[in-house]
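The values are calculated or read from the model by the stated rules, or taken from the named source; none is laboratory data. Computed from a prediction, not measured in an experiment: that's the story for all the values here. Positions of Cβ are backbone-derived with ideal geometry, glycine not excepted, and every protein chain shown enters the neighbour counts. Only protein heavy atoms, including side chains, enter the accessible area calculation; ligands, DNA and RNA are left aside. Shrake-Rupley method; radii C 1.70, N 1.55, O 1.52, S 1.80 Å.
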Amino acid sequence: MKSTSIKKLIKDIQSRSLRLTVIGSGYVGLPTAALFAEAGFHVIAVDIKPEVVRAVSNGFSQINEPHLNEFISRNVQAGRLKATSNPIEALNQTNAVIISVQTPIDQNKNPILSFLMEALEDVGKNMKRGTLVVISSTVPPGTMLRKVKPKLESLSGLNADDEFYLAYVPERIAPGKALREFVESPRLVGSVGPNSTKIAVELFKTVCKKVIETDAATAEIAKLAENTFRDINIAFANQLALICEQSGVDVMEAIELANTHPRVNIHTLGPGVGGPCLPKDPYLLINRTRPTKHDVINAARRINDYMPKHIVKLILEALKKTGKNIRNSRIAIFGTAYKGNVDDSKLSPSKPIIHELIKLGAKTTVYDPHCNESFEAKKAKSLHDAIKDADCLAIITDHTEFKNLNLKKIKALMNEKPAIIDGRRIINPHIAEKLGFTYYGIGLGKPHKR
Ligand code: SAJ
């Protein structure tokens, strides 16, 4: 009986007759739904936000992700992709479900698992025997075995890996490259049992080039380790930047040289670390462990959280140098998105920077060609509007549009004695200074080489 059901599921995957629900149609869920539909499955994308459901039903995405619109429109037209805000309606029509809801943290840095628990409630109460349940959300260590499995078993009255199938398949896609990375990045399948693994591997093989099997607990830690490693590496680059500023050295050159060593790969410094993942995943990783003095993870978080304050410090220094006071100075902020070429401003370093500037009495204007957020500053319609009569330009996001700025034109629009604070080191300091800007680049110790 059991082996028939496994064989049937595998056959259904191979013939694409398996029907799939994806719960949570955000930055991860929507690319997931679109790619499985593209692979030939019938997929129902579920989201609580009516505007998301409306957009997908009309064949487009509210998320600004390269090529996602094409995939959605093609698959909606082909009848393979639908959207609904009613998970039960979707679950009744499908025999596999991928849950990709958010798992943020609260003010005390503790995980908020309520979105996941609500989704599990719907799935557990409504799933049929033989359903495959995949958790794709990032979760604290131990969640699959301690929370997800018992909850689904008790709500459904079915046994995992026997009467229904369960796997942890964490996502690894970076916004801006989501579709490509979904296919190209090796995908971890965290097992709660051999039958479940077999089926989950078969399903993900239809879209991902490489699938790696492990147990669920190890996959949970591996996923969190990836983002925590990146956060720690960036914190190291940021600390190097602070060291270089005091040592009269350019951190960009120092890192470039260090990275010529075959076993060194220092990441890029910046104005802080934002986004839906890196600022919170380290806290998920250490959530259930005893506090320890020997703690690189919290130390890295502290450094990265300090960086926005450092940007404000550089702004104050530059204004002082040009004989201006922050109160009533006009500051143009370039970028509210958390990183280049995305429209997401979640936990963006721009937020604390803008709030502090407003608190200090600066007239703050923001410009972001990708992102609507302004964090209570005045929003400029164009680069020209943002920069006009500004005393200081602070570059916070590394959007492509900011990489080749016409500094001559910018200088002509700005007030006398203009300053630039380069939080992403995308401007040539020598050119800026030659044109008469007071230039402060993060990690650029002065006097720097000419
Ligand atoms: N940043 C730096 N320096 C760097 C790299 C990034 O300051 O060298 C900053 C960015 O500007 C941004 C923040 O860090 O503010 C996060 O950007 P990111 O590109 O590192 O990460 P995300 O949040 O867009 O995506 C990450 C990715 N994880 C890794 O690369 C290990 C992605 O693969 C994950 O799928 C995603 O988190 C996730 O959802 O977990």
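The table that follows gives values for the structure above.
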read-out: Residue match in region 379-400 (condition: farther than 25 Å from THR438 by Cα, within 15 Å of the ligand (Cβ to nearest atom), surrounded by fewer than 19 Cβ atoms within 10 Å (Cβ to Cβ) and touching a residue at least 24 places away in the same chain (Cβ under 8 Å)); value: no
read-out: Scope region 423-450; condition surrounded by 21 or more Cβ atoms within 10 Å (Cβ to Cβ) and either at pLDDT below 95 or among the hydroxyl-bearing types (Ser, Thr, Tyr) (or both); matching residues; value: TYR439, TYR440
read-out: Test: ARG80 is among the charged types (D, E, K, R), at pLDDT 95 or above and in contact with a His (Cβ under 6 Å, 6 or more places away or on another chain); value: yes
read-out: Answer residue from region 264-309, given it is among the charged types (D, E, K, R) and open to solvent by 40 Å² or more (accessible area, probe 1.4 Å) and is nearest to the ligand (Cβ to nearest atom) among those; value: ASP305
read-out: Which numbered condition THR322 fails, given (1) in contact with a helix residue (DSSP H, G or I) (Cβ under 9 Å, 6 or more places away or on another chain); (2) of a type in the set (S, T, N, Q); (3) open to solvent by less than 20 Å² (accessible area, probe 1.4 Å); value: (1)
read-out: From the options SER15, SER5, residue that is over 27 Å from the mean Cα position of the chain (by Cα) and free of Cβ contacts under 8 Å to residues at least 12 places away in the same chain; value: SER15
read-out: Helices (runs of 4 or more DSSP H) fully within region 119-233 counting 1 or more residues that are away from the ligand (no atom under 14 Å from the Cβ); value: 149-156, 194-205
read-out: Helices (runs of 4 or more DSSP H) contained entirely in region 1-118, each with at least 1 residues that are among the β-branched types (Val, Ile, Thr) and open to solvent by less than 40 Å² (accessible area, probe 1.4 Å); value: 2-14, 29-38, 50-57, 68-77
read-out: Total residues in region 228-285, condition in contact with a Phe, Trp or Tyr (Cβ under 9 Å, 6 or more places away or on another chain) and small (Gly, Ala, Ser); value: 3
read-out: Tally of residues being near the ligand (Cβ under 10 Å from one of its atoms) and not aliphatic (A, V, I, L, M) across region 234-263; value: 1
read-out: Flag for THR197 being buried (at least 18 other Cβ atoms within 10 Å of the Cβ), among the β-branched types (Val, Ile, Thr) and in contact with a Leu (Cβ under 7 Å, 6 or more places away or on another chain); value: no
read-out: Single residue of LYS205, LYS209 found to be farther than 27 Å from PRO111 by Cα, touching an Asp or Glu at 6+ places or on another chain (Cβ under 7 Å) and either open to solvent by 40 Å² or more (accessible area, probe 1.4 Å) or modelled with pLDDT under 95 (or both); value: LYS209
